[in-house]
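Engineer: Below is one structure. I have some questions about it.
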Amino acid sequence: MSRIIKPSMPTVSRRGLIASTAALAAAAALPTPAWAKGGSMRHVKKGFGTYTGEDINLAIAGAHYATGGRSGHAIAVDGMIPGPLIKLREGQDVRLNVTNNLDEDSSIHWHGLLLPFQFDGVPGVSFPGIKPGETFTYEFPIRQAGTYWWHSHSGLQEQMGHYGPLVIEAKDGSDDRFDRDYIVLLSEFTPIHPHAIMRKLKVGEHYFNNSMMTATEGDMSGGERRMWSGMRMNPRDIADVSAPAYTYLINGHGPADDLEYLFTPGEKVRLRIINGSAMTFFNMRIPRVPMTVIQADGQDVEDVEVDELQIGVAETYDVVVTPPDGSHALVAEAMDRSGMGIASLTSHKGHKAVAPSLREVPTLTMADMGMAGMEGMDHGSGGMDHSMRDKNLVPSDVEVGPGVDMIAPMPVDRMDFPGLGLDTVDHRVLRYTDLRSKAMNPHRMPERTIQIHLTGNMERYMWSFDGKNFTSVTDDPIRFGFDERVRVKLVNDTMMAHPIHLHGHFFELVNGDNPHDMHQPRKHTVIVQPGSSATFDLTADEPGDWAFHCHLLYHMHAGMMQVVTVRPFPQEA
Ligand SMILES: [Cu+2]
């Protein structure tokens with residue numbers, strides 16, 4: 001019999017809660033395999049095994065990783081990068097015993113899972129974290145199906161390999177309709193320690209970006225060029241960290257590792273694409289093989305056939321392909337086109353697909369500066385720079401201090417934007433406006449609307465919500481009443497796309513004009529395009545304290561995070 005701990009937390013403060021759950025962390029000490037003990041620097045196994053059942057043990061430890069001439073220190077779970085595929089079944093209970101063999105605190109967050117918040121795994125928000133040498137037992141019922149993942153929520157460990165896939169089979173057997181079922185987990189490896197990356201980002205904004213336009217390059221008019229340089233912005237400022245520092249991985253394999261996915265012609269192949277990277281948006285395509293999108297963030301959607309899709313950090317998409325005989329390149333090109341992850345989808349074992357070359361680096365536009373409605377204006381004057389810091393454009397609770405270097409003057413909703421560089425390609429690309437939930441959502445009009453600004457100072461590498469940096473135990477969380485229906489409008493005042501993730505809930509994207517649409521797609525992560533807004537409806541029906549943050553790892557670490565508090569617990573009502 002499972003003993004699921006019910007979320008019955010009578011009027012306890014978050015500080016008190018974190019202290020009290022410390023007792024939970026002292027769960028049974030499990031025997032540790034020799035390789036997982038601290039100190040031994042074992043070489044990482046690339047790829048993952050599959051773990052199933054009601055009792056699953058995982059051990060976090062340091063390891064050594066190498067691919068294509070790059071190597072360095074990494075963090076592996078059970079010796080693998082990515083860590084094990086955790087394969088569960090809708091309706092089962094699970095106990096996950098996680099042992100930390102690092103010499104620093106660690107954690108696992110189950111990304112996209114509905115669960116009691118004490119098992120959500122965010123140190124300082126939902127639990128105290130897992131101390132070195134300790135085991136923490138996460139225990140909860142599985143209430144959903146679909147493709148998810150898990151990762152460390154401690155420091156910058158996720159960048160070092162501490163993540164893995166998680167798949168939940170549907171109760172209704174609908175997952176059996178495919179001939180093959182593959183994970184495509186995208187990530188990065190860097191030989192540079194993530195703390196060193198963070199330091200470099202703080203001191204010099206373009207250290208890791210080698211595609212900056214020079215003063216004479218490109219086909220911009222003199223006025224446009226003056227505008228960009230006057231604002232100290234660069235139209236190729238797309239990714240904070242990219243190929244000079246990163247090797248892009250698919251299931252832990254770099255391009256040099258020749259990863260293969262086998263199929264037999266005629267088979268229906270399901271690819272569960274998970275963006276488990278720290279900082280990289282990927283453009284996914286299989287040249288000449290159309291992909292039918294069937295799930296977004298683990299939730300079934302109506303079939304949409306596309307040739308390419310952009311996947312933000314922390315999002316998942318399931319696609320089905322029926323490739324013809326031969327070897328096809330599975331291409332995960334970084335959004336800034338500095339590099340790619342690559343694998344071969346082949347019906348001939350050992351036959352490597354030919355990788356396409358990287359496409360031209362895309363360039364940011366006026367819309368990315370929040371000036372979508374201002375095309376054709378004279379950009380040469382100094383008035384533009386002034387309007388981009390106009391405090392009158394934001395509510396009084398947004399702090400316009402040194403952490404905010406820009407306010408989008410005319411942000412517009414860009415749910416129909418396929419992603420930077422994909423609006424000009426001559427094939428079909430997925431847009432949020434294409435997504436329609438397969439299941440009908442219970443319809444309720446929002447009772448109120450809140451607006452949250454995504455703010456930053458690019459040069460000082462400060463990132464925040466509403467100009468306020470997150471400090472781990474905030475006394476001023478975003479408060480929702482239990483079961484309250486809220487419309488949340490995110491306004492991106494920066495020139496970068498941010499993948500915003502809410503823990504413990506699914507929200508419904510407002511991706512059309514129909515106020516009575518009952519098929520808005522349910523997601524846990526939404527990309528807010530540069531200089532634009534994105535809106536979702538949320539029924540706050542999961543009580544507790546939940547992290548809400550940008551899923552770009554270094555943005556979250558720099559403060560782009562908040563706590564969402566849902567109260568009261570139903571038992572208290
Ligand atoms: Cu961000």
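Engineer: Within the stretch 336-351, does at least one residue satisfy the condition of being in contact with a helix residue (DSSP H, G or I) (Cβ under 6 Å, 6 or more places away or on another chain), open to solvent by 10 Å² or more (accessible area, probe 1.4 Å) and closer than 28 Å to ARG436 by Cα?
Structural biologist: No, the stretch 336-351 contains no residue that is in contact with a helix residue (DSSP H, G or I) (Cβ under 6 Å, 6 or more places away or on another chain), open to solvent by 10 Å² or more (accessible area, probe 1.4 Å) and closer than 28 Å to ARG436 by Cα.
Engineer: Looking only at the stretch 454-468, how many residues end up being under 20 Å from VAL526 (Cα atoms) and within 13 Å of the ligand (Cβ to nearest atom)?
Structural biologist: Residues meeting the conditions: 6.
Engineer: Give the stretch 536-564 a look and list any residue that's of a type in the set (Ser, Thr, Tyr) and over 27 Å from ASN511 (Cβ atoms), or say none.
Structural biologist: The answer is TYR554, and nothing else.
Engineer: Here is a follow-up. Exactly one of (1) modelled with pLDDT of 95 or more; (2) open to solvent by 10 Å² or more (accessible area, probe 1.4 Å); (3) assigned to a loop (DSSP other than H, G, I, E, B) is unmet by GLY504. Its number?
Structural biologist: (2)
Engineer: Residues to consider are MET406, MET415, MET445, MET440; find the one that is touching a helix residue (DSSP H, G or I) at 6+ places or on another chain (Cβ under 8 Å) and away from the ligand (no atom under 16 Å from the Cβ).
Structural biologist: MET415 is the lone residue from the list that is touching a helix residue (DSSP H, G or I) at 6+ places or on another chain (Cβ under 8 Å) and away from the ligand (no atom under 16 Å from the Cβ).
Engineer: Please determine, by comparing only the residues of the stretch 279-301 that are in contact with a Ser or Thr (Cβ under 8 Å, 6 or more places away or on another chain) and assigned to a strand (DSSP E or B), which one is most open to solvent (accessible area, probe 1.4 Å).
Structural biologist: For the stretch 279-301, the residue satisfying everything is ASP300.
Engineer: How do the strands (runs of 3 or more DSSP E) wholly within the stretch 41-112 filter down when requiring 3 or more residues that are over 23 Å from GLY146 (Cβ atoms): which remain? Before you say what the answer is, go through the steps one by one.
Structural biologist: Details: elements: 55-67, 70-77, 85-89, 93-100, 109-111.
Result: 55-67, 70-77, 93-100.
Engineer: State the number of residues belonging to the stretch 531-549 that are open to solvent by 10 Å² or more (accessible area, probe 1.4 Å) and either in contact with a Ser or Thr (Cβ under 8 Å, 6 or more places away or on another chain) or among the charged types (D, E, K, R) (or both).
Structural biologist: Total satisfying the criteria: 2.
Engineer: Looking at the stretch 535-549, can you tell me whether even one residue there is of a type in the set (Val, Ile, Thr) and under 29 Å from THR365 (Cβ atoms)?
Structural biologist: Yes; the residues of the stretch 535-549 include at least one that is of a type in the set (Val, Ile, Thr) and under 29 Å from THR365 (Cβ atoms).
Engineer: Return the total of residues in the stretch 533-573 being of a type in the set (Gly, Ala, Ser) and at pLDDT 95 or above. Break it down into steps so the answer makes sense when it comes.
Structural biologist: Step one: filter the stretch 533-573 for residues of a type in the set (Gly, Ala, Ser), giving 533-534, 540, 544, 547, 558-559, 573.
Checking which are at pLDDT 95 or above leaves us with 533-534, 540, 544, 547.
Total satisfying the criteria: 5.
Engineer: Hey, any hits in the stretch 316-325 for a residue that's of a type in the set (S, T, N, Q), open to solvent by less than 10 Å² (accessible area, probe 1.4 Å) and under 25 Å from VAL526 (Cβ atoms)?
Structural biologist: Checked the stretch 316-325: at least one residue is of a type in the set (S, T, N, Q), open to solvent by less than 10 Å² (accessible area, probe 1.4 Å) and under 25 Å from VAL526 (Cβ atoms).
Engineer: Something else: When you scan the stretch 469-493, how many residues do you find that are of a type in the set (Val, Ile, Thr), within 18 Å of HIS505 (Cα to Cα) and either within 13 Å of the ligand (Cβ to nearest atom) or open to solvent by 20 Å² or more (accessible area, probe 1.4 Å) (or both)?
Structural biologist: Final tally of qualifying residues: 1.
Engineer: Any idea how many residues of the stretch 148-165 are more than 20 Å from GLY129 (Cβ to Cβ) and either surrounded by 24 or more Cβ atoms within 10 Å (Cβ to Cβ) or of a type in the set (Val, Ile, Thr) (or both)?
Structural biologist: 1
Engineer: Here are some residues: GLY512, GLY559, GLY531, GLY544. Which one is more than 18 Å from VAL313 (Cα to Cα) and within 16 Å of the ligand (Cβ to nearest atom)?
Structural biologist: GLY531
Engineer: Just need a number here: residues in the stretch 246-278 that are more than 24 Å from VAL306 (Cβ to Cβ), buried (at least 22 other Cβ atoms within 10 Å of the Cβ) and among the hydrophobic types (A, V, I, L, M, F, W, C).
Structural biologist: 1
Engineer: Taking the residues in the stretch 484-501 that are among the hydrophobic types (A, V, I, L, M, F, W, C) and at pLDDT 95 or above as candidates, determine which candidate is farthest from LEU422 (Cα to Cα). Don't jump to the end; show me each part of the working.
Structural biologist: Kept after step one, since they are among the hydrophobic types (A, V, I, L, M, F, W, C), are these residues of the stretch 484-501: 486, 488, 490-491, 495-497, 500.
Keeping just the survivors that are at pLDDT 95 or above gives 486, 488, 490-491, 497, 500.
Details: VAL486: 32, VAL488: 27, LEU490: 22, VAL491: 22, ALA497: 14, ILE500: 20 Å.
Filtering first and then ranking leaves VAL486.
Engineer: Testing GLY512 on (1) open to solvent by less than 10 Å² (accessible area, probe 1.4 Å); (2) of a type in the set (Gly, Ala, Ser); (3) over 28 Å from GLN571 (Cβ atoms); (4) not in a strand (DSSP E or B), one condition comes back false. Which one is that?
Structural biologist: If we test GLY512 against (1) open to solvent by less than 10 Å² (accessible area, probe 1.4 Å); (2) of a type in the set (Gly, Ala, Ser); (3) over 28 Å from GLN571 (Cβ atoms); (4) not in a strand (DSSP E or B), just (1) comes out false.
Engineer: Could you please give the count of residues in the stretch 128-165 that are closer than 17 Å to TRP546 by Cα and touching an Asp or Glu at 6+ places or on another chain (Cβ under 6 Å)?
Structural biologist: Counting residues in the stretch 128-165 that are closer than 17 Å to TRP546 by Cα and touching an Asp or Glu at 6+ places or on another chain (Cβ under 6 Å) gives 4.
The values are calculated or read from the model by the stated rules, or taken from the named source; none is laboratory data. These numbers come from a predicted model, not from an experiment. Every residue, glycine as well, gets a Cβ built from its backbone with ideal geometry; the counts of neighbours run over all protein chains shown. The area values use the complete protein model at the heavy-atom level, side chains included, leaving out ligands, DNA and RNA. Shrake-Rupley method; radii C 1.70, N 1.55, O 1.52, S 1.80 Å.
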